[in-house]
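Just passing along the structure, written as structure tokens.
The values are calculated or read from the model by the stated rules, or taken from the named source; none is laboratory data. A quick note: this is a predicted structure, and the numbers were derived from the prediction, not measured. Quick reminder, even Gly has a Cβ in these numbers, built from the backbone with ideal geometry, and neighbours come from all protein chains shown. When the accessible area is computed, the model is the full protein with side chains, heavy atoms only, and any ligands, DNA or RNA have been set aside. Shrake-Rupley method; radii C 1.70, N 1.55, O 1.52, S 1.80 Å.
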Amino acid sequence: MVGEARGQANSYAQAVRENNRGVAQMGQQFTEKAADSFADAMKADPKLAQAAINEDIALMALQKLDGAKAMLQKAIDLAPKNPQAWYNLGLAQHAGNELDAALKSFQQAAKLDPRDVDSYYFEGVCYAELKDYTKAVAVFKEALAINPLHASAEFALARSLQRSGDTQDAREHFRTFQ
């Protein structure tokens, strides 16, 4: 039993080292190497959710969306209450033009972290791309209630108001954006 526990501790330590190596490689723009290091971390300890999330980030940067989504699903299976995993899954789904799925992922991320303005912002982006401007406007306003200086949300709100026919409010938000 002691040997088994020591082996698990060694596997975890190796996974953390590989994960940290991958983070350093990402910082140096060695994205392929980073993805390999994150994969090695997952091999050393398949339960290290952060390594799966980090591997997703590397795979997204490499435009490998299917691999990124697979890693995120693994991260969500390991840590279903991790808002970063849901947010990143939403980004991967959005990049793959899976707007309904992305919308649900961003909503889950916002539910888990109600102060994460970017989850609301991308939820609004999905609604706008689905041409549901009423919902987009409401969500962009939620984002701006959290962070009134979120320029992207301000601009997206103005555009959604404009597209919904509310040109007067749209002008006001365009001015605020500028």
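Would you check if ASN54 is open to solvent by less than 60 Å² (accessible area, probe 1.4 Å), part of a helix (DSSP H, G or I) and touching a Gly at 6+ places or on another chain (Cβ under 8 Å)?
Values: open to solvent by less than 60 Å² (accessible area, probe 1.4 Å): yes; part of a helix (DSSP H, G or I): yes; touching a Gly at 6+ places or on another chain (Cβ under 8 Å): yes.
Here the answer is yes, as ASN54 does meet what is asked.
Restricting attention to the range 73-132, report how many residues are among the aliphatic types (A, V, I, L, M), in contact with a His (Cβ under 8 Å, 6 or more places away or on another chain) and closer than 14 Å to ALA156 by Cα.
The total comes to 2.
Of the numbered conditions (1) modelled with pLDDT under 95; (2) in contact with a Cys (Cβ under 8 Å, 6 or more places away or on another chain), MET71 fails exactly one; give the number of that condition.
(2)
How about the range 120-153: which of its residues are charged (D, E, K, R) and surrounded by fewer than 21 Cβ atoms within 10 Å (Cβ to Cβ)?
GLU129, LYS131, ASP132, LYS135, LYS141, GLU142 - these are the residues of the range 120-153 that are charged (D, E, K, R) and surrounded by fewer than 21 Cβ atoms within 10 Å (Cβ to Cβ).
So which residues in the range 116-174 are in a helix (DSSP H, G or I) and either in contact with a Cys (Cβ under 6 Å, 6 or more places away or on another chain) or of a type in the set (D, E, K, R) (or both)?
ASP118, GLU123, GLU129, LYS135, LYS141, GLU142, GLU154, ARG159, ARG163, ASP169, ARG171, GLU172
Sticking with this one: Whether any residue in the range 118-138 is more than 22 Å from ASN19 (Cα to Cα), out of contact with any helix residue (DSSP H, G or I) (no Cβ under 7 Å at 6 or more places or on another chain) and β-branched (Val, Ile, Thr) is what I want to check.
Yes, some residue in the range 118-138 is more than 22 Å from ASN19 (Cα to Cα), out of contact with any helix residue (DSSP H, G or I) (no Cβ under 7 Å at 6 or more places or on another chain) and β-branched (Val, Ile, Thr).
Quick check: anything in the range 21-35 open to solvent by 30 Å² or more (accessible area, probe 1.4 Å), among the acidic types (Asp, Glu) and at pLDDT 90 or above?
yes
Cβ-Cβ distance below 8 Å, separation of 6 or more or different chains: which pairs start in the range 100-126 with a residue that is within 12 Å of GLN84 (Cα to Cα) and modelled with pLDDT of 95 or more and end on one that is among the acidic types (Asp, Glu) and open to solvent by 40 Å² or more (accessible area, probe 1.4 Å)?
Pairs that qualify, where the first residue is within 12 Å of GLN84 (Cα to Cα) and modelled with pLDDT of 95 or more and the partner is among the acidic types (Asp, Glu) and open to solvent by 40 Å² or more (accessible area, probe 1.4 Å), are SER119/ASP113.
State all residues of the range 83-116 that are under 17 Å from LYS135 (Cβ atoms) and either crowded, with 20+ Cβ neighbours inside 10 Å or touching a helix residue (DSSP H, G or I) at 6+ places or on another chain (Cβ under 7 Å) (or both); if no residue qualifies, say none.
Those that are under 17 Å from LYS135 (Cβ atoms) and either crowded, with 20+ Cβ neighbours inside 10 Å or touching a helix residue (DSSP H, G or I) at 6+ places or on another chain (Cβ under 7 Å) (or both): GLY90, HIS94, LEU99, ALA101, ALA102, LEU103, SER105, PHE106, GLN107, GLN108, ALA109, ALA110.
Residues to consider are PHE177, PHE155, PHE122; find the one that is of a type outside the set (Ser, Thr, Tyr) and under 30 Å from ASP77 (Cα atoms).
On the way: PHE177 fails: under 30 Å from ASP77 (Cα atoms); PHE155 fails: under 30 Å from ASP77 (Cα atoms).
Just a single option satisfies the conditions, and that option is PHE122.
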